[in-house]
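Q: Let me begin by handing over the structure; questions about it come next.
Laboratory data are not the source of any read-out in this text; all were calculated from the coordinates shown. All values reported here derive from a predicted model rather than from experimental measurement. Positions of Cβ are generated from backbone atoms using ideal geometry, with glycine treated the same way; all protein chains shown enter the neighbour counts.
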Amino acid sequence: MVSKKGITLRTVLNIYGVFTVFALILSIFTTPISINENMQLFYNEDLKMETKKVKEFLFFIFGSALVYFSLVNLYYKYMK
């Protein structure tokens, strides 16, 4: 007989972290998309990030993700 394991807070926090990292990466490409006064979508080239800024933002995202996932998993490994 197979028992089902409940969803733990650790699992929820890890899933939350994955979606947050994905959303931050997606924001690089969706920031230049705007809505004008006629409620029409348009691509604003002025808001597009330069390659150097994209690299810096990706380093920030992955660095933050490393710290976040390390802290969440270390907490549940050693404190529980």
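Q: In square nanometres, what is one fourth of the surface area of the convex hull spanned by the alpha carbons of segment 9-78? Spell out each step's value before the answer.
A: Working: hull surface 23.9 nm².
The orientation-averaged projected area of the Cα hull of segment 9-78 comes to 6.0 nm².
Q: Using Cα atoms only, what is the angle between the long axis of helix 51-78 and the major principal axis of the chain, expressed in degrees (0 to 90) to the nearest 10?
A: Long axis of 51-78 versus the principal axis of the chain: about 20 degrees.
Q: Still on this structure, please answer the following. Measure nothing but the geometry: give the 0 to 90° angle between the long axis through the Cα atoms of 9-30 and the longest principal axis through the Cα atoms of the chain, rounded to 10°.
A: 10
Q: 222 nm [θ] for the chain, helices only, -39500 (n - 2.57) per DSSP H run of 4+, per residue, to 500?
A: After summing the helix terms and dividing by the residues of the chain, the value is -22000 deg cm²/dmol.
Q: Counting Lys and Arg as +1 and Asp and Glu as -1, each charge on the Cβ, what is the dipole of segment 1-79 about the Cα centre in debye, to the nearest 20?
A: With only Lys, Arg, Asp and Glu charged at Cβ, the dipole is about 660 debye.
Q: When only C-alpha pairs under 8 Å and at least 6 residues apart count, what is the relative contact order of the chain, in percent?
A: 35
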